[in-house]
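The values are calculated or read from the model by the stated rules, or taken from the named source; none is laboratory data. In this text the structure is predicted, and so the values were computed from the model without any measurement. Here the Cβ positions follow ideal geometry from the backbone for every residue, glycine too, while neighbour counts run over all protein chains shown.
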Amino acid sequence: MSAMFNRILVTGGAGFIGSNFVRHLLSGREGMHVVNLDALTYAGNRDNLAEFISHPHHHFVHGDINDRALLEALLREHAIEAIVHFAAESHVDRSITGPDVFVRTNVNGTLALLEAARAHGVARFLHISTDEVYGSLPFEGFFTETTPFHPNNPYSASKAGADLLALAYHRTFGLPVVIARPSNNYGPYQFPEKLIPLMIVNALTAQLLPVYGDGQNVRDWLYVEDNCRALELILRQGRAGEVYNIGGGSEWKNIELVEKLADLLDQQLGLMGERSARRLITFVTDRPGHDRRYATDSGKIERELGWRRAVSFEEGLRRTVAWYVTRERWWRRIQSGEYRN
């Protein structure tokens, strides 16, 4: 049976997946009330929410999930029924050079939210995790919900810690927690430090397209709209105390993906020969602890909740490239830093 949570606190709702999820919730819905809490660190962007500025059922709050007094006030004043927790530091490279903030936000911040949810008696706590908690796969097999944790960098370790806390709050206190572990998302509004938007923006500005190591690392790609549909299903129909993987079903070696992006950009921009985006591809020193392969089994969410991917990888990639090509002002404001004003 689908639970009708209509008063929802979304943390990290000015980020990539969070803003797409807010858009998903508010699209053509009646009676939905979304409180969007975001600290607007470097990856949080008010521009992602421009269409909601005057929306009567979207309430944006600039604040920190570690601010327990703020959390308690928001839950009480807005009569929050469910929490969808996206807020996190998420870039592996940044976790290697500065891990402290990852523990503060991803572990301590999750703890603060769990405590507030327990005190307020929320009916559902959806914690958004990542398939990276499982570590690295050989070139066969898939992550399932029972795959042991083996995080290999500070980012994935901090997310694994948050997962364990959330599940402990369910088992110890009966908090109705459910966890989603999506594979690599891509699509509109993704901050251009991540692989796909970085390559697109670099190609559009004639900069090099850097590929780590030998380019043979494999990722499983999931279009963000498909992920948002899965997350709402988990929010409303998932079983408390359970984990649901969300896989893209689209494994690509990094070098093959970058070449595919270059070819799509060449088609859209009419480039060829010496002007082709492929000329910009360059290999750079691999990063420490770089997981070799991710591949996620979505069988559980498909069997239990009836979720299916609706957007093929080829179609999703075409949409994504077209979005960045036509949203130059959006990514130029990020490059200049103006988006933070």
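Some points to look at:
- Residues within the stretch 178-229 that are under 12 Å from the mean Cα position of the chain (by Cα), of a type in the set (Phe, Trp, Tyr) and in a strand (DSSP E or B), tallied: 3
- Filtered by the rule that a residue be more than 24 Å from the chain's Cα centre (by Cα) and of a type in the set (Ser, Thr, Tyr), the stretch 261-305 gives Ser276, Thr282, Thr285.
- Taken over the stretch 95-116, the residue count meeting the criterion of being in contact (Cβ under 8 Å) with a residue 12 or more places away in the chain and under 26 Å from Pro288 (Cβ atoms) is 13.
- Test: residue in the stretch 262-277 that is closer than 17 Å to Gly299 by Cα and surrounded by 15 or more Cβ atoms within 10 Å (Cβ to Cβ): no
- Selected residue (criterion: farthest from Ala88 (Cα to Cα)) from residues of the stretch 145-159 that are in contact (Cβ under 8 Å) with a residue 24 or more places away in the chain and assigned to a loop (DSSP other than H, G, I, E, B): Glu145
- Residue satisfying all of: in the stretch 36-75; of a type in the set (Phe, Trp, Tyr) and surrounded by 16 or more Cβ atoms within 10 Å (Cβ to Cβ); modelled with the highest pLDDT among these: Phe60
- Among the residues listed as Val218, Val201, Val243, the single one being more than 30 Å from Arg279 (Cβ to Cβ) and aliphatic (A, V, I, L, M): Val243
- Members of the stretch 278-335 that are within 22 Å of Asn245 (Cβ to Cβ), surrounded by 15 or more Cβ atoms within 10 Å (Cβ to Cβ) and either without any contact (Cβ under 8 Å) to a residue 24 or more places away in the chain or of a type in the set (Val, Ile, Thr) (or both): Thr296, Ile301, Glu302, Val311
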